[in-house]
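Following: one structure in structure tokens, then a few remarks.
Each reported figure results from applying straightforward, stated rules to the coordinates on display, with no laboratory input. Please read these numbers as outputs of a predicted model, since none were measured by experiment. Here the Cβ positions follow ideal geometry from the backbone for every residue, glycine too, while neighbour counts run over all protein chains shown.
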């Protein structure tokens, strides 16, 4: 799609690719500031209002040829998406159902489905001689469908009085326990390292397979599609274990599986072995994000909107940092740049081990 946009607008693919940077920065700021809107509006109004703003932004993207206007619109759409994402996540974190780990896992299972479907939709339109601008029309149509479904399925605003009380909390009343604050920091750092690792795979593996392993486009695309399918299947499996076993231990096992699988992936030239490795890697990556968000955002009983926003910001800092890391190391060696995925996953394993040890010490001292 970027290539077609470049041909149409005259801007280089490199300049156009920065739209993703603006989009991710927008998401990060949206998640960070989302809770402030709850002081005046309820979740339902914020979510619906956000979608109603996104629709004209998508339409404007079909009309413009100005590079800076692309940047501005992608930033704005990203910002609103970040606001909506946090509001939707707060629904789960603030309800009275106990098994938050399973709910978050099911909730975020749809995220890789979008990752899997979006390139296929864009490729289908372009391969059938439709302009890249039709992708934005299609996205507008999806947003309209989402709004209609939301209006049909939404429940009454039962939690608004609780939300008003939550949003009046000051930071010092949320982060009042130094030991719990350290546990929360462990969770945020874990999210940072994990998202760097995942983004390296999702954004860089196809290029690695094309340039370093000399795979054709179809095979390289197949491998990354299998990765997202494995994440979907893995999250379904993790949802059965979440709540029955401690989230920390599940994350540790998954991170070890992911690290080992990516090491095998990088050391192999066989398509069959690479596919097997990426399947296990996808399973390893499947539940870390969901369980990490759930456990870090529920460290305290109150102020979970603030906690979730900080966790999301940590994740998006990782997503935004990964391209700079891979670009730097790709100057020396293509394999080395992709090796950042298992390296940062090993860091994730070390962080979760440190978190487990610290929580056990904290628990023993309380007793």
Estimated Rh, the stretch 1-159: Kirkwood, alpha-carbon pairs, angstrom: 17.1
What FRET efficiency comes out for residue 273 versus residue 324 if R0 is 41 angstrom and r is the Cβ-Cβ distance? Round to the nearest 0.05. 0.85
Quick one: length gained pulling residue 36 to residue 225 fully straight, 0.36 nm per residue minus the C-alpha distance? 64.3 nm
Evaluated over the stretch 185-270, the Cα radius of gyration and Dmax, each in Å: 14.8, 44
Least to most buried among 128, 115 (fewest other Cβ within 10 Å first): 128, 115
In what sequence do 199, 109 fall when counting other Cβ within 10 Å, fewest first? 109, 199
Residue-normalised 222 nm signal for the chain, counting each DSSP H run of n ≥ 4 as -39,500 (n - 2.57), nearest 500 deg cm²/dmol, is -28000 deg cm²/dmol
Which order, highest average first, do 353-359, 213-219 follow once you tally other Cβ atoms within 10 Å for each residue and take the mean per peptide? 353-359, 213-219
Could you please rank 262, 345, placing first whichever residue has the fewest other Cβ atoms within 10 Å of its Cβ? 262, 345
GNM flexibility winner over the chain from 277, 341, 117 (Cα, springs under 10 Å): 117
Where Rh is the Kirkwood radius over the Cα pairs of the chain, the temperature 25 °C and the viscosity 0.890 mPa s, what D in µm²/s does Stokes-Einstein return? 113
Calculate the radius of gyration of the Cα atoms of the stretch 1-86 to one decimal place, then report Dmax, the largest Cα-Cα distance, as a whole number, both in Å. 14.3, 46
On a full-extension model of 0.36 nm per residue, what is the gain between residue 336 and residue 44, subtracting their alpha-carbon distance, rounded to one decimal in nm? 100.5 nm
Descending Cα extents along the principal axes, the stretch 316-367, whole Å: 53, 20, 10
Between residue 361 and residue 152, the two model label points (7 Å from Cα along the beta-carbon direction) sit apart by a distance in nm of 5.4
Using mean Cβ contacts within 10 Å as the protection proxy, how do 314-325, 186-197 order, highest first? 186-197, 314-325
Using only the alpha carbons of the stretch 290-330, what is the convex hull's orientation-averaged projected area in square nanometres? 3.2
How many angstrom lie between the Cα centre of the stretch 216-292 and the Cα centre of the stretch 64-130? 21
Can you tell me the length gained on complete extension of the stretch residue 123 to residue 212, counting 0.36 nm per residue apart and subtracting the Cα distance? 29.7 nm
